[in-house]
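The values are calculated or read from the model by the stated rules, or taken from the named source; none is laboratory data. What you are looking at is a predicted structure, and each value in this text was computed from that prediction instead of being measured. Note that each Cβ is placed from the backbone with ideal geometry, even for glycine, and that neighbours are counted across all protein chains shown. Accessible surface is based on the protein model in full, side chains and every heavy atom, while ligands, DNA and RNA are left aside. Shrake-Rupley method; radii C 1.70, N 1.55, O 1.52, S 1.80 Å.
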Amino acid sequence: MGEIIATGLLGILALGAAAPAGHPLSLDSIQGAWWSNCQDPAAEFIIAGDEYSGDFLGTYKLDLSGDVLVFQSGLVEGHSINVTHTPLSFRVMSARASQLVLRSLPEGSSSKDWHLQSCSSMPPNSSFKPMPLRDTA
């Protein structure tokens, strides 16, 4: 019984570290555009509701389960404009209004954290108009 409580407490502590104090981690808390570098012309991705889009074709589903963010259809690779259609998962290491830190899952020795920022010099997130959800069937 003590092991279950300790494991549960560790999970709660890990989740608490990912979200700002007093705000539970949710898709609502990470809405908007996220850039790797504010000098780039396009965001890595934009979260609107339970969907994401970006500098590629279509809008796709996104899930958050605990502290794991899952891009259901993957993201773009390199300079491609098409998503991979393979789900990609990231552990949310930190989620703040101006910064989002993700770690690829499964975690390996070569995993590096992906530091993203909400760039105030870029157009407001509310001006973004997502493309309709793409039919992947």
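Restrict the check to the stretch 69-89 and report whether at least one residue is in contact with a helix residue (DSSP H, G or I) (Cβ under 6 Å, 6 or more places away or on another chain) and of a type outside the set (S, T, N, Q).
no
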Just to check your reading of the model, which residue among G78, G58, G66 is open to solvent by less than 60 Å² (accessible area, probe 1.4 Å), more than 18 Å from P24 (Cα to Cα) and not basic (K, R)?
G58
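Within the bounds of the stretch 121-134, is there any residue that is modelled with pLDDT of 90 or more, within 17 Å of I46 (Cα to Cα) and either exposed (fewer than 11 other Cβ atoms within 10 Å of the Cβ) or out of contact with any Pro (no Cβ under 6 Å at 6 or more places or on another chain) (or both)? Spell out how you get there, then give the answer.
Let us first name the residues in the stretch 121-134 that are modelled with pLDDT of 90 or more, namely none.
Within the stretch 121-134 (the criterion being modelled with pLDDT of 90 or more, within 17 Å of I46 (Cα to Cα) and either exposed (fewer than 11 other Cβ atoms within 10 Å of the Cβ) or out of contact with any Pro (no Cβ under 6 Å at 6 or more places or on another chain) (or both)), the answer is no, since none of the residues qualifies.
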Looking across the stretch 23-52 at residues that are assigned to a strand (DSSP E or B) and among the small types (G, A, S), the single one that is surrounded by the most Cβ atoms within 10 Å (Cβ to Cβ) is A33
Those residues of the stretch 72-95 which are in contact (Cβ under 8 Å) with a residue 24 or more places away in the chain and not in a loop (DSSP other than H, G, I, E, B) amount to F90, R91, V92, M93, S94, A95
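Mind listing just one residue for me: the one in the stretch 98-120 that is within 26 Å of Q39 (Cα to Cα) and at pLDDT below 90 and, of those, surrounded by the most Cβ atoms within 10 Å (Cβ to Cβ)? Quick ask: steps written out before the conclusion?
Pass one, the stretch 98-120, residues within 26 Å of Q39 (Cα to Cα): 98-104, 111-120.
Now narrow it down to the ones that are at pLDDT below 90: 111-112, 120.
Values: S111: 13, K112: 7, S120: 8.
So, considering only residues that are within 26 Å of Q39 (Cα to Cα) and at pLDDT below 90, the one surrounded by the most Cβ atoms within 10 Å (Cβ to Cβ) is S111.
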State which residue pairs qualify: first residue charged (D, E, K, R) and inside the stretch 39-52, second residue open to solvent by less than 40 Å² (accessible area, probe 1.4 Å) and not in a loop (DSSP other than H, G, I, E, B) in any location, beta carbons under 7 Å apart, and separation of 6 or more residues or different chains.
E44/W34; E44/W35; E44/L116; D50/L27; D50/L62; E51/T59; E51/Y60; E51/L62
Candidate set from the stretch 81-92 (those that are of a type in the set (A, V, I, L, M) and modelled with pLDDT under 95); member that is least open to solvent (accessible area, probe 1.4 Å)
V83
